[in-house]
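Okay, structure first, notes after.
Bear in mind these aren't lab numbers, they're just calculated from the coordinates by the rules spelled out. The structure displayed is predicted, hence computed values, not measured ones. FYI the Cβ positions are ideal-geometry reconstructions off the backbone, even for glycines, and counts take in every protein chain you see.
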Ligand SMILES: Cc1ncc(C[n+]2csc(CCOP(=O)(O)OP(=O)(O)O)c2C)c(N)n1
Ligand code: SF4
């Protein structure tokens, strides 16, 4: 019987350390599949964040570098300027990209840096114990908003994709989700598209992926997928916010 | 070797010229006085020779761009001044942790806080004691003339590659603004840079992939890594101590000063000698590793030392550690962006050597004694 499903070449055979039901693993697979489909695994440099994905260098089967918290886009800039023919991507959480690393992501996008950011939005700080993230929903309970996020004192969630899509240099900006098989397929397509934009030298790309954190949300894996769909989608609408000139939004 | 004629060059440009001659083609920096001319020079020159200058959004970003470029195998530098160097400390710690070579220039200015843009040496401790978090050191070079800036920039890149770590080169606004003739020597092509098989360049052409990380989650593994670093630091302390000495042979009083202040100290030595006072000077060129061996040697012959700094006494501690209480170590400093004059320092020399009656009174109107 022909093999129709296998481990992507761009993943090592090391077992993920992510919690049961965490969708970081699905997103890793989608990135790896895109690298395989484009045949660029050995021409790729990935940049890991600080966050639950800090060990991503153990999982992506390509050259990898681990950056300081929030600085992945600056590190990727340094790599890409030296190696303009390589595919360079960052993989970052919402604390990493949208709090401590806001300046780095905004300016990498503004410069039109030819890199791709995979932005995992799980509305919380996973690694450090479930604190409020810039993407935490109003009313959402976290360890630093024990009574629910209050708009008066902590503001409202940042919509990163919409914000970055105002920048000329960001030529591909999309928000996708992984809460259902259909959405996983669409997410994979967006990631691949973002990589293609980079390979064509068109500019900066970012794919925001809505993701679960059952552990810190205090939900079962299944409940977490439902919560993502019911609570996050209304605040973080899916879609392509920017595509290269001449291309149609799908 | 074809010798080029001497050209008049500004200190700030010499940092850039030295970097280019060392084969550096990448600079990431954020504007700050008094080093901006260095960035201007590189922004103009690097694209002419196929290099890249990126104006970063902050010094935090600049040093992390350096981190990425160094990891990709390039000779790379950044430059800044005191407040910006403070912002870079996290990145420098990561660069040490990932064992990456790069060069960081600090044109020091008066602090703390925003301080001022005047020449100062108040970042000595930050530079030589680590600066960022964790257990580490990096080489610190301190040129005292425009030709030496070029020479030490070339050396900085070689040492960075040799030991796989950051090298800091420190100066101040006087050195940066100073114009002096330099002989550029033979205009050789890009120098030989050692192979960097560890660089993250995409796996193509290699059988295994490369990973660069400063994370060692198991304490024993991190200890092992720290001990490897410690061994490198010990080796650097053993073989890289550099200094210049001036009329030390028969000196009863040895001045110790670096960078701009060493030029003043040299003039003081001449003035003292003219007055019949046996005074000499040791000028550390490497602030770390501190040239303690030479200072220790001088202890046997000298009756005392006078450390002169544009701070309230930072290198003073390293001199005292080297002298180890065996001889008196005096200090005269002007902190906050003020520059000691030859007259002031000479007056100190006269006091210490008992020429003036108030030899025991080390307080002066301007300046600090410790
Ligand atoms: C300078 C610095 N500040 C704080 C931390 C602690 N820290 C580690 S991960 C993290 C947040 C991670 O959250 P996120 O980026 O959302 O990723 P996730 O773990 O949810 O995947 C924080 C604050 C750090 N490592 N470095
Ligand atoms: S803490 Fe949350 S984000 Fe981190 S691995 Fe567990 S479920 Fe995933």
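A few notes on this one:
- In degrees, nearest ten, helix B:82-97 long axis to first principal axis of chain B (Cα): 60
- With both labels modelled 7 Å from their Cα along Cα-to-Cβ, the residue A:85 to residue A:3 distance reads 3.0 nm.
- Considering only A:45, A:173, A:82, the mean-square fluctuation computed in a Gaussian network model of chain A, springs between alpha carbons under 10 angstrom, is largest for A:82.
- Helical contribution to [θ] at 222 nm, DSSP H n ≥ 4, -39,500 (n - 2.57), averaged over chain A, rounded to 500: -8500 deg cm²/dmol
- In the stretch A:24-242, the ratio of gyration radius to Kirkwood radius, Rg to Rh, stands at 0.95 when only Cα atoms are counted.
- Whole-Å distance, taken between Cα centres, linking the stretch B:1-46 and the stretch A:111-153: 43
- Each label point was placed 7 Å from the Cα along the Cα-to-Cβ direction; for residue B:341 and residue B:43 their separation is 3.8 nm.
- Relative contact order %, chain A, counting alpha carbon pairs below 8 Å whose residues are six or more apart: 19
- Relative contact order of the stretch B:243-365, defined on C-alpha pairs under 8 angstrom at six or more residues apart (%): 26
- Note on residue B:180 and residue B:226: the extension gain reaches 12.3 nm, defined as 0.36 nm multiplied by sequence separation minus the Cα-Cα distance.
- Debye intensity ratio I(q)/I(0), log10, the stretch B:46-187, q values 0.14, 0.15, 0.16, 0.18 Å⁻¹ (C-alpha model): -0.65, -0.75, -0.86, -1.09
- Each 10 Å bin from 0 upward holds the following percent of the Cα-Cα pairs of the stretch A:146-250: 14, 39, 30, 15, 2.
- With R₀ set to 30 Å, the beta-carbon distance separating residue B:215 from residue B:125 gives a calculated FRET efficiency near 0.60.
- Expressed as a whole percent, the proportion of Cα-Cα pairs in the stretch B:1-108 lying more than 16 Å apart is 55%.
- Stokes-Einstein translational diffusion, the stretch A:12-61 - Kirkwood Rh over all Cα pairs, 0.692 mPa s, 37 °C, in µm²/s: 285
- If the segment from residue B:192 to residue B:204 were pulled out straight at 0.36 nm per residue, it would be longer than the present Cα-Cα gap by 2.0 nm.
- Between residue A:17 and residue B:312, the FRET efficiency from the beta-carbon distance, with R0 = 35 Å, is close to 0.10.
- Most mobile of B:194, B:181, B:101 in a GNM of chain B (Cα contacts under 10 Å): B:194
- Stokes-Einstein D (µm²/s) once Rh is taken as the Kirkwood radius of the stretch A:86-208 over alpha-carbon pairs, at 10 °C in 1.306 mPa s: 106
- Where labels lie 7 Å past Cα in the beta-carbon direction, separation of residue B:7 and residue A:154 in nm: 5.8
- Residue of A:90, A:77, A:153 that the Gaussian network model of chain A assigns the largest fluctuation, springs spanning Cα pairs under 10 Å: A:153
- Reference-scaled alpha-carbon Rg (2.2 N^0.38 Å with N residues) for the stretch A:1-107: 1.09
- Entry note: the stretch B:243-365 has Rg to Rh equal to 0.92, where both radii use alpha-carbon atoms and Rh is the Kirkwood radius.
- Orientation-averaged projected area, Cα convex hull of chain B (nm²): 20.3
- Calculated on the alpha-carbon coordinates, the convex hull of the protein assembly as shown measures out at 183 cubic angstrom per residue.
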